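First the structure, in the form of structure tokens, and then the observations on it.
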Amino acid sequence: MDVEILARIQFAFTIAFHYIYPPLSIGLGLIMVFMEGMYLKTGNKQYEILTRFWLKIFAITFGIGVATGIIMEFEFGTNWSVYSRYVGDIFGSALAAEGLFAFGLESAFLGILLFGWNRVSPKVHFISTIGVFLGSMFSAVWIVVANSWQQTPAGYHIVGEGFNARAEVTDFWAMVFNPSSVDRIIHVWQGAFLAGAFLVLSVHAYYLLKGRYIEISKKAFKIALALATIVSLTQLLSGHRSAEVVAEHQPAKLAAMEGHYEESGSADLYLFGWVNDKTQEVTGLKIPGGLSFMIDQDFEAPVTGLNAFQKEDRPGQVNAVFQFYHIMISIGMLLIALTLYASYLWWKGGLFEKKWLLKIFAFSVLLPQIANQVGWFTAEMGRQPWIVYGHLRTDEGFSQEVSSNQILFSLILFLVVYTILFLLFIYSVNKKIKHGPYDEAKNPDEFLKYV
Amino acid sequence: METFLGIDYPTLWFLVVGLLFSGYAILEGFDYGAGAWHLFFRKDLSRRIAINAIGPLWDANQVWLIIGAGALFAGFPVMYATMLSSMYVPFMLFLMFLVLRSSAIKFRSAEEMKWWRKTWDIVYFISNVSISFLLGVVLANILQGIEIGENHSYKGGLFFSFLSPYAVMVGLTTLALFMTQGAIFLLLKTEGRLHARLTFLLKKGMIFFIVSFSVMTLYTLIFVQGVTEKFKEHPEYFALPILAFLAIANVPRLVSKKKYGNALIFSSLTMAFLLMLVAFQLYPVLLPSTINPDYSVTIYNAASSQKSLGIMLTIVVIGSPLLAGYFLFLYKTFHGKVKLDDTSY
């Protein structure tokens, strides 16, 4: 296989695997801040039990997130050296800021968060929890800024020619607040909150179904449900804003997302469908003119289609982009329906009596995870054939000096090590869940004497 | 070219990167070093104490690698890209061992079974030894130079070309230095029989270091080109290897007086002096080309724009006091001997 494809497969695999964990850490972080805050405010030990329990799971997700994240940092250089030279001037400062402001904060306080219970006061511990949570939020900011710059470059100029060409910063803040970064950061944060919230919902739904830890599970479930309801609704707004930015700055991506080929005409919005790239037709259920309406509030408004671009200047995998995008949207809608209905039951009373609903929640943990993954696949595959939109092509960006055998070697290593890591993750999280927040043989108050 | 205090921006950034990697070497030096002794401890409890000695600290220490690599990418993107794509296999192995090492720390204590712990102990030990060795190998290749052709494209071999006798020697010396650092750190954090065992192990470590360091120095002086010339130009820099030697010679004295904190400072100083020596050897080159000196990566042809370097220096000025604050707080919190509790690994 050729080097470019292998480099792309390796990057996609390592980043997709990495992205299972940081969203969980961010989402769990927020929930732990809330739980520990409630403990400090009310003095109710049940919140302390919850904080300590989720901290154990957080420790695992955070650990794997860091370990697999370091690999991402180096992979830009190992496999995308031309790209790294091209964007270093811009990407670099975001990465440096991320390291100093975000990773420094989260990693230093992580030690206190995990091992400091007996060494610092509850207040200082709470501050550490907030520190780790904020650190993880900041790290999302800088990496999404860097990625957004690749999608919608701003605040730069191109210097040099041919091999020596590169982008240089002219306006730092214009680079940071490039057209897509704010909406995408919010969208990513919300995706992360949902990932964390649904893990909590899932685990406590499971306990409620099994009749274990009823009291604390109800508390945790309500906290997570409130967060999940608000976020899944507001996710619509940031998603919509993101789509508008895509429409304005990356029309080819938007066209691929809805399989819209016609050069300039009213565009439909599909609920689901299948794109045939050869015949340029989409089979599926649609709202005629829906995309036009979404962008311009007019069913007839023309939207730039794929045929407005040369074949080599538009995404190659139109159906894949279309499917990933629609899976994300469908899951988003499903999460809204699910959380709204559950919140309605909560308000009416009787939330915990519907077994079938709890069962759905127990499995729901996968939904935001899938949505996060396919959302990124939409964004990155829709950006193709560009690695820096409009400036550098993906097939120009990879390391020319690395051979396909070298990448095969590292790819196989990653596959083996990450498979083991994933199995260990599932195994140890499952074990912690089965074991539970405390030994039920003794009552919670009894348990607390031992912690 | 813009300057600050009479020093140009690329040189300032060279110092920033050097400082970050020195911090990484000193802090992760004792983490990796402690791990490289792992199989020398016989009891499971000793091994647990050794892991928990670095338990709350290693994640934070590792941040120095992340920031250092980020700083290299930011300030010298050409160096970052050329070094990593050229030394592809060594860096991939290094990264893989980093992942395995973190996994071992996280998962070792998850089960009580003997085979489980033994497996992770071996993984942990091999990862720490390999990481230390590979770091030395990379350093040696940076000092010696690699086959870089036109347009920073690498023309050399895949893996074994990086393992010259000199690289192996620097790798072993790095391992020995880290093991010395690790043993001193563990002396600071342990008590009782493990402490006694470590006193014995540290002596072996020191001998390992002195032997490998002397052999490497002799080899460098005789076989590595350019080293002696640079000293002829600037004889005052001879102070650096002498200071490094004096600093390490002071360690056994302090250990016998049971002043482990000071001993750790002096072994850290050794590392700092040696890295200054590296910086002196290289400057203003970052990665010499063995094909043609014109193809070498230097701080000037690798640097980001003046504007970008200015922004990043501002970020460093704002960020470093914060970072220093976090670290002071963290190290103050976990000061003292290891006490195992229910949150320990």
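The values are calculated or read from the model by the stated rules, or taken from the named source; none is laboratory data. Worth saying up front: this structure is predicted, and the values here are computed from it rather than measured. Because the Cβ atoms are built from the backbone with ideal geometry, glycine has one as well, and the counts that use them run over all protein chains shown. These area figures cover heavy atoms from the full protein model, side chains too; ligands, DNA and RNA do not enter into them. Shrake-Rupley method; radii C 1.70, N 1.55, O 1.52, S 1.80 Å.
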Problem set entry | Cα shape, the protein assembly as shown, gyration tensor, a/c 1.5 rule | oblate
For this session: Using a cut-off of 13 Å between beta-carbons, work out the net charge of the residues near residue B:336 (Lys and Arg +1, Asp and Glu -1, residue B:336 not included).
Result: +4
Exercise. Using 1/(1 + (r/R0)^6) with R0 = 51 angstrom and r between the beta carbons of residue A:210 and residue A:408, what's the FRET efficiency to the nearest 0.05?
Worked result: 0.65
For this session: Provide B:13, A:386 ordered by accessible surface of protein heavy atoms (probe 1.4 Å), highest first.
Result: A:386, B:13
Seminar exercise, completed: Honestly region A:293-451 on the Cα gyration tensor test (a ≥ b ≥ c root eigenvalues; a/c under 1.5 rounded, otherwise a/b vs b/c for prolate or oblate) is just oblate
Problem set entry | R0 of 56 Å, Cβ-Cβ distance residue B:200-residue A:165: FRET efficiency to nearest 0.05 | 0.40
Exercise. Between the helical axis of A:181-210 and the dominant principal axis of chain A, each derived from Cα atoms, what acute angle in degrees is found, rounded to the nearest 10?
Worked result: 40
For this session: In square nanometres and to one decimal, what's the mean projected area of the convex hull around the Cα atoms of chain B?
Result: 17.9
For this session: Under 11 Å from the Cβ of residue B:114, count the other residues' Cβ atoms, weight Lys and Arg +1, Asp and Glu -1, and hand me the total.
Result: -2
Exercise. For a paramagnetic label modelled at 7 Å from the Cα of residue A:300 toward its Cβ, which residues of region A:234-270 fall within the zone defined by backbone nitrogen distances under 12 Å?
Worked result: A:266
For this session: For region A:296-302, just list the computed ³J(HN,Hα) in residue order, Karplus coefficients 6.51, -1.76 and 1.60, θ = phi - 60°, integers in Hz, with x standing in for Gly and Pro.
Result: 10, 6, 8, 5, 9, 4, x
Problem set entry | Estimated distance in nm for a label pair at residue B:7 and residue A:426, the labels positioned 7 Å out from Cα along Cα-to-Cβ | 5.2
Problem set entry | Amide H contacts under 5 Å for residue A:265, placed H, 5+ residues apart | A:303, A:305
Exercise. At residue B:116 and residue A:248, where each label point lies 7 Å from the Cα along Cα→Cβ, what is the point-to-point distance in nanometres?
Worked result: 5.5
Exercise. Which far-off residues, 5 or more places away or on another chain, put their amide H under 5 Å from the one on residue A:271, with H placed in the peptide plane?
Worked result: A:285, A:286, A:287
Problem set entry | Cα-based reach from residue A:355 at 20 Å (exclusive), listing lysines while leaving out same-chain residues under 8 positions away | A:210, A:218, A:219, A:222, A:434
For this session: Report the extension gain between residue B:265 and residue B:332 in nm, rounded to one decimal, defined as 0.36 nm multiplied by the number of residues separating them, less their alpha carbon distance.
Result: 22.5 nm
Exercise. Going down the list A:45/B:332; B:203/B:232; A:123/B:43; B:230/B:258; A:432/B:114; B:114/B:259, which pairs span over 30 Å between their C-alpha atoms?
Worked result: B:203/B:232; A:123/B:43; B:230/B:258; B:114/B:259
Exercise. Put B:42, B:253, B:117 in order of accessible area, largest first, 1.4 Å probe: what do you get?
Worked result: B:42, B:253, B:117
Exercise. What figure in square angstrom, to the nearest 10, would you give for the accessible area of residue A:367 with a 1.4 Å probe?
Worked result: 40
Exercise. Alpha carbon centre of region A:142-208 versus region B:243-273: separation in Å?
Worked result: 45
Exercise. At a probe size of 1.4 Å, how large is the accessible area of residue A:121, to the nearest 10 Å²?
Worked result: 60
For this session: Just tell me how shielded A:67-75 is by partners: mean number of partner chain Cβ atoms within 10 Å of each residue's Cβ, no decimals.
Result: 6
For this session: Please turn the phi angles of region A:280-287 into ³J(HN,Hα) values with the Karplus equation 6.51 cos²θ - 1.76 cosθ + 1.60 (θ = phi - 60°), one per residue in order, whole Hz, x for glycine and proline.
Result: 6, 10, 10, 9, x, 9, 9, 9
For this session: For an R0 of 35 angstrom, estimate the FRET efficiency from the Cβ-Cβ distance between residue A:435 and residue A:234 and round to the nearest 0.05.
Result: 0.50
For this session: Just report the Cα centroid separation between region A:333-371 and region B:1-62, whole Å.
Result: 46
Problem set entry | Exposure rank, largest accessible area first [A:412, B:131; 1.4 Å] | A:412, B:131
Exercise. Taking Cα atoms, how many degrees apart are the long axis of helix A:214-249 and the longest axis of chain A, rounded to 10 and kept between 0 and 90?
Worked result: 10
Exercise. Of B:198, B:210, A:341, which is farthest on the positive side of the dipole of the protein assembly as shown, counting Cα position, with +1 on Lys and Arg Cβ, -1 on Asp and Glu Cβ, and the Cα centre as origin?
Worked result: B:198
Problem set entry | aspartates and glutamates with Cα under 13 Å of residue A:286, excluding same-chain neighbours fewer than 8 positions away | A:258, A:268
For this session: Count the net charge of all other residues whose Cβ sits under 13 Å from the Cβ of residue A:286, scoring Lys and Arg as +1 and Asp and Glu as -1.
Result: -3
